[in-house]
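**Student:** Before anything else, here's the structure in question.
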Amino acid sequence: MRTSLLHRIGLLTAVLMGTLAASPEVPSVRMDAGPDSTLVKSAPSPIPTLALLDPVDIVAGRTIPGCGDFLRARFQAVGKLQPISRGEMEKKLAEYNWPASKACHEFQCGFDAGNVLLAKYVFFGTVTALGGLYAYTFNILYVPTGRIISSEVGDVPRNPQSGGDEPLKARLAAYVSGLDPARFDTSRITSRGLMAVVDLSAATPESRVLTERVDTHIYASRLYDLMSPLELQELLSAMNISPTTTEATDSGMMALGTKLNVAYLIQSKVIQTAGGTGLDLTLFDVAGKRRIRDWPSKPTQDFEDILHFENRFFATLTGKSEATTARNMLKHDAPRPRSHWKQSLISVVGISAGAGLATLAYIARQKANQDHARAESAYSVESAKSWQRDTKTQDVRTALFGSLAILSLGATVIVWTF
């Protein structure tokens, strides 16, 4: 018995010593310092990682590596988000047969890249040259929840002859400097439902840019689950529906939204006229079977006016200024509350009218009682009949005034309550 106990203590001591010997004091972490990177002993970096996908020119359908490098350098300089190096990204993505030049500017593509690269945040978007301006959209995806938590829609002047991209660089640098992970709202937000954006216009560079911007506005609201353009295209093809031949009426859009099984639908259509280019944006509540907003623009020769019109469409859905944060841009379907002073005024008028009518009913009732008493004490039949007629008249007035008083007071209660 004594030998067995000593043997067990020895085994236990050996196991403990072996465990302690196998445990390092400080974890070794590889720091990416370029081609000559070495193993160093340090604590994990507290700066969250960012997978920055090169912005896409959606008209040309290709990435813009130079713009991606500029953004990556700006994030590195600001120091609030740690962008993964281009070389490390390309090496990791190649393991999954992901081409380095793949144009990725949609949610699902960004989410897949974030999971492959094990990044906390993914940055993706578009920068497209259209005549005398650059139109851009950017989104930041929070991978753990699979939600867009920051979005940006804008445009800057462009002059190809003399430093055409300097205004764009200045705008991008300011945008990156204003991003702070400490202010990101990464909480899960309950969606109001699935939304689809249907472009009814012919496929043009302008329509592609506008559709991309509308999608980004919806991401910015964080109030809806947006059906991806790829998923929408596949559904329309499966149902043999061509957006360009779809009837642009309330009933047509409601029927399309029902087929797509979405709660909300935005119709976008670029209209070419003799006076220039116009844009028609309409927002439908498919579940509620109502059109929320229909706002066609005036034709213009300047496409920048169309972009600003599109910005105002989303900003003014809540009656806010154009500088309103994107998060609140689509809070459209909450009914506007009736102001309290109007409710008070209506209530005072209603109560006064009800009290006046009730007083008239009381007076008529008293007069009817008096006429009835006189009819019973009349000395002649003719006189009694006359007082009886007066009694009936006063009874009718009593009933009329009383009913009107009740209706007036009831209406006042309803107005105040609803």
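The values are calculated or read from the model by the stated rules, or taken from the named source; none is laboratory data. Predicted model only: the values in this text are computed from it and were never measured. Counting neighbours? That spans all protein chains shown, and the Cβs are built from the backbone with ideal geometry, glycine included.
**Student:** Yes or no: the range 69-85 includes at least one residue that is closer than 17 Å to V214 by Cα and not acidic (D, E).
**Tutor:** No.
**Student:** Show the residue pairs meeting these rules: Cβ distance below 6 Å; 6+ apart or different chains; first residue within the range 127-139 and closer than 22 Å to Y219 by Cα; second residue in a strand (DSSP E or B) and small (G, A, S).
**Tutor:** Filtered contacts from the range 127-139: T128/A135; Y136/G154; T137/G125; F138/G125; N139/G125; N139/S151.
**Student:** What number goes with the only condition from (1) in a strand (DSSP E or B); (2) within 30 Å of S187 (Cβ to Cβ); (3) among the small types (G, A, S) that A287 does not pass?
**Tutor:** It is condition (1) that A287 fails.
**Student:** Hey, another quick one. So which residues in the range 233-250 are outside any loop (DSSP other than H, G, I, E, B) and either over 24 Å from the mean Cα position of the chain (by Cα) or not assigned by TED's automatic domain parsing to the domain that holds K269 (or both)?
**Tutor:** Within the range 233-250, S237, A238, T244, T245 qualify.
**Student:** Sticking with this structure for a sec: Just checking, which of V198, V127 is within 30 Å of L232 (Cα to Cα), in contact with a Gly (Cβ under 9 Å, 6 or more places away or on another chain), surrounded by 17 or more Cβ atoms within 10 Å (Cβ to Cβ) and among the β-branched types (V, I, T)?
**Tutor:** V198
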